[in-house]
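First up is the structure itself, then whatever we jot down about it.
The values are calculated or read from the model by the stated rules, or taken from the named source; none is laboratory data. Keep in mind that what you see is a predicted model, and the values were worked out from it rather than measured. Here the Cβ positions follow ideal geometry from the backbone for every residue, glycine too, while neighbour counts run over all protein chains shown. Accessible surface areas use protein heavy atoms only, side chains included; no ligands, DNA or RNA. Shrake-Rupley method; radii C 1.70, N 1.55, O 1.52, S 1.80 Å.
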Amino acid sequence: MGQAGCKGLSQSLLDYKTEKYVIAKNKKVGLLYRLLQVSILTYLVVWVFLVKKGYQDTDTSLQSSIITKVKGVTFTNTSELGERLWDVADYVIPPQGENVFFVITNLIVTPNQQQKTCAESESIPDALCYRDSDCPPGEPVVAGNGVRTGRCLRVGNMQRGTCEIFAWCPVETKSRPEKPLLGKAEDFTIYIKNFIRFPKFNFSKTNVLDTKDKAFLKSCHFGPENPYCPIFRLGSVVSWTGSNFQEIALQGGVIGIQIEWDCDLDKASSECNPRYSFSRLDNKFSENSISSGYNFRFAKYYRDGAGVEFRTLMKAYGIRFDVMVNGKAGKFNIIPTIINIGSGVALMGAGAFFCDLVLIYLIKKSHFYRDKKYEEVRSGHPGNGKVNVEQLQNLQTAEA
């Protein structure tokens, strides 16, 4: 028995085994199978290859650099600052031009501050007092401007007063103006230069038109007819976000400028173009909210003839711009092409598997199709179409 088994095994090594197919003459199941095939084929061709470009290798590790510049001048005349001309060095922070920059549009100015003692602002709850014991010396005022001296200062016969503090006096007390100081800033221009590189394909490009005309950047403005002109009017950028410039200039805000690079490197490099989108990032729908707008404080210091130090405190409202760049590049590669074709072939097999389930389990004559699809082979029970092990061994011996 052992020799026969080894002989049968050695002979089976040279055999070719193939599947047995049963053709089911069922129009409904046949129609379902063809519909599944067409659906899978459509998905593979349209979605995978045409829409998602599954035949390409992609690179999303975009390397990017941003250079920004703002240009424009305006004139103001206020009681705190007098007549003043504002240029880029006055209203742009930081001055070196990064992917995040701030343009001042409104100011609250507190001039000639000096370090000495004075009354804290009445608008600060922690500074209110009724007696000197409410102002322990040496303790800072929470959300205030200085350190308590131990005295409670009252105006006239009023019972409630404010703590005396050592600080930069006089403290800031003015509220936000009703009109923006630099309301004409909407005519300023923003220059945004973007260099990008996809390292996998060693492909580089910029969003500026490749020209030797030196007057191009001095005369062009970004628009549908000039997609490679990186000069943007400040008021237009704000309007593209759905906001009003005078409103955002009053209390400040944050605007995002998105540059999207989607490059098909199977085409010419001229087909790889930047797409811009503009959005308001701060809480613009809650104008009365304490978190609305954008502002910060800074000071300019100087000394008088006697050497006493003074400063001018400025609370700046304005528009913060965040320039964000992302993108991807794709190029034909045989490996993802083969992988996606193989996935489509595997899905074809899934369609056949689903139709088999319908055929042998869900239709009325499922038992008939099940008997035709599957044959049972049992040892020791000849007859009735069944073949036992001994018959198979005799058949193999006779063929040998």
If you wrap a convex hull around the C-alpha atoms of the chain and split its volume per residue, what is the figure in Å³? 383
Listed residues 368, 216, 232; largest mean-square fluctuation, Gaussian network over the chain with Cα springs below 10 Å, found at 368
Given a cut-off of 31 Å, name the pairs among 52/200; 71/331; 71/205; 212/300 whose C-alpha atoms lie farther apart than that in the structure shown. 71/331; 212/300
With charges only on Cβ, +1 for K and R and -1 for D and E, what is the dipole size of the range 128-266 about its Cα centre, in debye, rounded to 20? 520
About its Cα centre, the range 42-158 carries a charge dipole, from +1 on Lys and Arg Cβ atoms and -1 on Asp and Glu Cβ atoms, whose size in debye to the nearest 20 is 140
Please work out the C-alpha center-to-center distance from the range 33-71 to the range 84-144 and express it in whole Å. 52
Can you give me the accessible area per residue for the chain, using a 1.4 Å probe, in Å²? 64
Within-12-Å neighbourhood charge of residue 111 [Cβ basis; K, R +1; D, E -1]: +1
Please give the residues of the range 246-269, grouped as numeric ranges, whose backbone N is less than 16 Å from a label point set 7 Å along the Cα-to-Cβ vector of residue 176. 246-255
What net charge is computed for the residues neighbouring residue 123, neighbours being all others with C-beta under 12 Å from the C-beta of residue 123, Lys and Arg scored +1, Asp and Glu -1? -3
Cross-link candidates for residue 184: which aspartates and glutamates have Cα within less than 20 Å, leaving aside residues fewer than 8 places away along the same chain? 80, 83, 87, 90, 247
Given the options 308, 102, 338, identify the residue whose Cα lies farthest towards the positive end of the charge dipole of the chain (+1 on Cβ of Lys, Arg; -1 on Cβ of Asp, Glu). 338
Sorted by mean Cβ packing within 10 Å, highest first, what order do the peptides 294-305, 322-333 take? 322-333, 294-305
Between residue 306 and residue 273, take the C-beta separation as r, use R0 = 45 Å, and let me know the FRET efficiency to the nearest 0.05. 0.10
Quick one: dipole size for the chain, taken about the Cα centre, charges +1 on Lys/Arg Cβ and -1 on Asp/Glu Cβ, in debye to the nearest 20. 1300
Distance (nanometres) between label positions extended 7 Å along Cα→Cβ at residue 109 and residue 147: 3.1
Which helices of the chain meet both criteria: a Cα extent of 27 Å or more along the helical axis and a mean Kyte-Doolittle score no lower than 0.0, with helices taken as whole DSSP H segments? 334-357
Can you tell which of 131, 197, 176 shows the greatest fluctuation in a Gaussian network model of the chain with Cα springs below 10 Å? 131
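Within the chain, what whole-number % of the accessible surface is contributed by carbon and sulfur, with the 1.4 Å probe and all protein chains included in the calculation?
Heavy-atom surface of the chain belonging to carbon and sulfur, 1.4 Å probe: 55 percent.
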What does the charge add up to near residue 222, with Lys and Arg as +1, Asp and Glu as -1, over the other residues with Cβ less than 13 Å from its Cβ? +2
FRET efficiency (residue 283, residue 51; Cβ distance; R0 25 Å; to 0.05) is 0.10
Need one number: nm distance between label points at residue 63 and residue 31, each 7 Å from Cα along Cα→Cβ, rounded to one decimal. 6.0
Starting from the Cα of residue 39, step 7 Å toward the Cβ, then list every residue of the range 315-344 with an amide N under 18 Å from that point. 344
Top of 99, 26, 194 by mean-square fluctuation, Gaussian network on the chain, Cα under 10 Å: 26
Estimated distance in nm for a label pair at residue 324 and residue 362, the labels positioned 7 Å out from Cα along Cα-to-Cβ: 4.4
Positive-pole candidate from 227, 208, 237, dipole of the range 206-281, charges at beta carbon: 237
